[in-house]
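The block underneath contains the structure these notes are about, expressed in structure tokens.
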Amino acid sequence: MSSEKKENRICQSCQKDFTIEPDDFGFYEKMKVPAPTFCPECRLVRRLNFRNERTFYKRQCDLCKEDILSMYEKNTPFPVYCHNCWWGDNWDPMIFGVSYDFKQNFFEQFQSLLKNVPLINLFFGGKQLNSEYCNYVSNDKNCYLCFGGMRNEQLFFSKNVAFSKDSADIYSGDKLELCYENIECENSYQLIFSKQCENCTSSAFLYDCRNCQNCFGCANLRNKNYCIWNKQYTREEYFKKIQEFNIEDFQNLENLKLQFFDFYKKSIHKFAHLVNVKNSSGDNLLNTRNCQNCFDIFGTGSDNCKYTHYVVLGVKDSYDNYGMPQAEKVYETIAIGFDSNENSDYYFSYFIRGSSNIYYSRDCNSCHDLFGCIGLHNKSYCILNKQYTKEQYEELVPKIIKQMNDLPYIDDIGNSYAYGEFFPAELSPFCYNETIAQEYFPLTKIEAEKQGYKWKEREKRNYEIDIKTKDIPDNIKEVNEEIIGKVIECEHSGKCNEQCTEAFKIIESELQFYQRMNLPLPHLCPNCRHYQRLKQRNPLKLWTRTCMCDKENHLHGKEKCEVEFETSYAPDRPEIIYCEKCYQQEVY
Ligand SMILES: [Zn+2]
Ligand SMILES: [Zn+2]
Ligand SMILES: [Zn+2]
Ligand SMILES: [Zn+2]
Ligand SMILES: [Zn+2]
């Protein structure tokens, strides 16, 4: 096939058209993988369905028998070990090793292995200190219910947050302190209820502001002090007015949220939240070059990536990944790149730390040259957890790849998986609605099952509710330590499709946080709160749209601006979307 021109293909799964660009063929050739047969979105959803962040179960460690918290339910076919046991020397994953059977499909053989090898209860990329109720995190201290983040301290109920402390209810953030209910904010201090802000201090309800202090209810501001609803006040007037807002009262706060949402809708929106970005498309990108269709990339620099989501430090030459600090040459992975070498070379794998040349493997550490392995440490040249010599390994792998193409796995709904596809949905130990697939691509039970995903029925919880939602005190001053540990009803009481836990408890450090910040108690459980924030972010999709600006003083003059861009604002959204130039003319 010529790598000079693009090709349109029909996705096996959704039957929609997708395009493979000449550059993509270049990448696939370099990685020695065939071009994909699923469209980018179906590939993304397929991966996300392997990442359960926030559905926890109580079960026993199958080695030490201690009660543990686990992302796997009680009745999994495989054993689940606590962290101490799994990382300890009292078991050997190699005893489960089997010879490759050329008469049987690869994925079926992997599935058999998966039934036997013990898995770790929760995924930590590095040492966690006093932060058990967290998952897909690393090097946190005193954190509680945090998912997908690293190096945080005293952080609660947050997702995809790094290098932050003393904050709660954050969705996607970096270097925050004393922050609450922020979405996609960075380098800020005492910032609450804000979205896409940088370097802001002692402020609330800000959208797209930079270097602002003591501002309230503002949008598109730069280097301002004492502004309210974008109007300048003196210092004295400002603090007097702020008092009147009385945000420590729950009902006032709810009204302010609505007022801010109206203000937000009327403000100017750049087509994407991009900072220091060259030749890149997507949303929420920082320091990227040549990254296409990427989302939530932070850190000091990422180059030449596509379809990659949630990077903390920096990634190079990689396609189709979710959740990694740092890596190079990676294709179709989840949660890899902790302590990685420069040339990571990970393919179709997940939960891998500090390794290289890893194919179709999971839960492996400090390994190189593995194919179809589970739970290995410090190993190389293994296939299905069986040891080979370097020569044997290098002879066998090409044969296995050929056999995978000759004998592809066909799933229940008829999708075919040859070499080059990620694991079939059926091999995920999770149900769709337990995973982050449900967070970003919510489905109903019927839709999920039609697409070949498993579905988790809601478990009867039968909580004894101590405090009904309507009886939660409106003002934090009316609350004392007696609230700690009480079972509080979630306002959604399980009726939503948001992994609602029906009830929640306030922990001691959380109460101290609300008191310190002068904020009323929440009325929703942590999962429902997370889903409300998710609704405020744009989807992981791009549409081609044109600038909506018709300002006559701009370069386009009397004609409406016709600049096209790729944006995650869907065409039916209410926001006013500007191209880079028009935005720069208005916001500076
Ligand atoms: Zn598709
Ligand atoms: Zn144990
Ligand atoms: Zn809830
Ligand atoms: Zn424009
Ligand atoms: Zn314009």
| field | Simple spin-label estimate for N378 and N90 in nanometres, 7 Å along Cα-Cβ | value | 2.0 nm
| task | Can you pull the one-decimal nm distance between simple spin-label points at L555 and R235, each 7 Å off the Cα toward Cβ? | result | 4.1 nm
| said: Here is the link list: K32/K329; K231/K266; K386/K454; K16/K270; K265/K551. Which ones come out longer than 21 Å on Cα distance? | reply: K386/K454; K16/K270
| note | Residue span D23 to E508: 0.36 nm per residue of separation minus Cα-Cα distance leaves a gain in nm of 169.3 nm
| Per residue, how many Å² of accessible area does segment 152-196 show with a 1.4 Å probe? | 21 Å²
| note | Using alpha carbon centers only, segment 71-121 is separated from segment 466-509 by a whole-angstrom value of 39 Å
| Where both partners of a DSSP beta bridge lie in the chain, what percent of those bridges are antiparallel, to the nearest 5? | 20 percent
| task | Quick one: which residues, 5+ away or cross-chain, put their amide H under 5 Å from the amide H of K306? H built at 1.01 Å from N. | result | Q292, S318, Y319, D320
| For segment 229-370, the fraction of alpha-carbon pairs in successive 10 Å shells from zero, as % | 12, 30, 18, 16, 16, 7, 1
| Unsatisfied cross-links (Cα-Cα over 22 Å) in the set K58/K470; K6/K30; K58/K115; K141/K379 | K58/K470; K141/K379
| message | So if the hydrodynamic radius of segment 314-466 is defined as the Kirkwood radius over C-alpha pairs, what does Stokes-Einstein give as its diffusion coefficient at 4 °C and 1.567 mPa s, in µm² per second? | response | 76 µm²/s
| message | Sort 370-379, 436-445, 95-104, 72-81 by the packing proxy (mean of other Cβ within 10 Å over each peptide's residues), most packed first. | response | 370-379, 436-445, 72-81, 95-104
| request: Using Cα centres only, tell me the gap between segment 379-399 and segment 137-214 in whole Å. | output: 45 Å
| task | Summarise the accessible area of the chain (1.4 Å probe, protein heavy atoms) by the percent that is carbon and sulfur. | result | 47 percent
| query | So how compact is the chain: Cα radius of gyration and Dmax in angstrom? | reply | 24.8, 80
| field | Ratio of the Cα radius of gyration of segment 420-488 to 2.2 N^0.38 Å, where N counts its residues | value | 1.75
| query | What is the pair-distance distribution P(r) of segment 1-118, computed from all Cα-Cα distances in 10 Å bins starting at 0, with each bin given as a whole percent? | reply | 11, 25, 26, 23, 13, 2
| message | Using the basic label-point model (7 angstrom from Cα toward the beta carbon), what is the K115 to N142 distance in nanometres? | response | 4.7 nm
| task | Could you let me know the centre-to-centre spacing of segment 222-287 and segment 323-375, using Cα atoms, in angstrom? | result | 40 Å
| task | Restricting things to alpha carbons, find the Rg to Rh ratio for segment 426-542 using the Kirkwood radius for Rh. | result | 1.05
| So for segment 112-165, what are the equivalent ellipsoid semi-axes in whole Å, largest first, each being the square root of 5 times an eigenvalue of the Cα gyration tensor? | 24, 10, 9
| note | Measuring from its Cα centre, the chain shows a charge dipole (+1 at each Lys and Arg Cβ, -1 at each Asp and Glu Cβ) which, in debye to the nearest 20, is 460 debye
| query | Ordered by residue, what ³J(HN,Hα) values in Hz, to whole numbers, does segment 479-491 give under the Karplus form 6.51 cos²θ - 1.76 cosθ + 1.60, where θ = phi - 60° and Gly and Pro are x? | reply | 10, 10, 4, 4, 6, 4, x, 5, 8, 9, 6, 7, 4
| request: Can you tell me which of 324-336, 467-479, 205-217 comes out highest on packing, and rank the rest after it, using the mean Cβ neighbours within 10 Å? | output: 324-336, 205-217, 467-479
| Just the projected area, averaged over all directions, of the convex hull on the alpha carbon atoms of segment 138-295: how many nm²? | 9.6 nm²
| field | Most to least packed among 114-122, 542-550 [average Cβ atoms within 10 Å] | value | 114-122, 542-550
| note | The ³J(HN,Hα) series, computed from each phi in segment 571-588 with the Karplus coefficients 6.51, -1.76 and 1.60 at θ = phi - 60°, rounded to the nearest Hz and given as x for glycine or proline, is x, 8, 6, x, 5, 8, 10, 10, 6, 3, 5, 5, 4, 4, 5, 9, 10, 8
| note | For segment 266-306 the trypsin sites (Lys or Arg not before Pro) that pass both the DSSP coil test and the at-most-11 other-Cβ-within-10 Å test are none
| note | Along segment 452-459, Karplus-curve 3J(HN,Hα) (6.51, -1.76, 1.60; θ = phi - 60°) to the nearest Hz, with x for Gly and Pro, reads x, 9, 7, 10, 9, 6, 5, 7
| task | Calculate for the chain the 222 nm mean residue ellipticity that helices alone would give, adding -39,500 (n - 2.57) per DSSP H run of length 4 or more and normalising by residue count, nearest 500 deg cm²/dmol. | result | -5500 deg cm²/dmol
| field | Relative contact order, percent, the chain [alpha-carbon distance under 8 Å, six or more residues apart] | value | 11 percent
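The values are calculated or read from the model by the stated rules, or taken from the named source; none is laboratory data. Just so we're clear, the structure is a prediction, and the values are computed from it rather than from any experiment. Note that each Cβ is placed from the backbone with ideal geometry, even for glycine, and that neighbours are counted across all protein chains shown. Heavy atoms of the whole protein, side chains included, go into the accessibility calculation; ligands, DNA and RNA do not. Shrake-Rupley method; radii C 1.70, N 1.55, O 1.52, S 1.80 Å.
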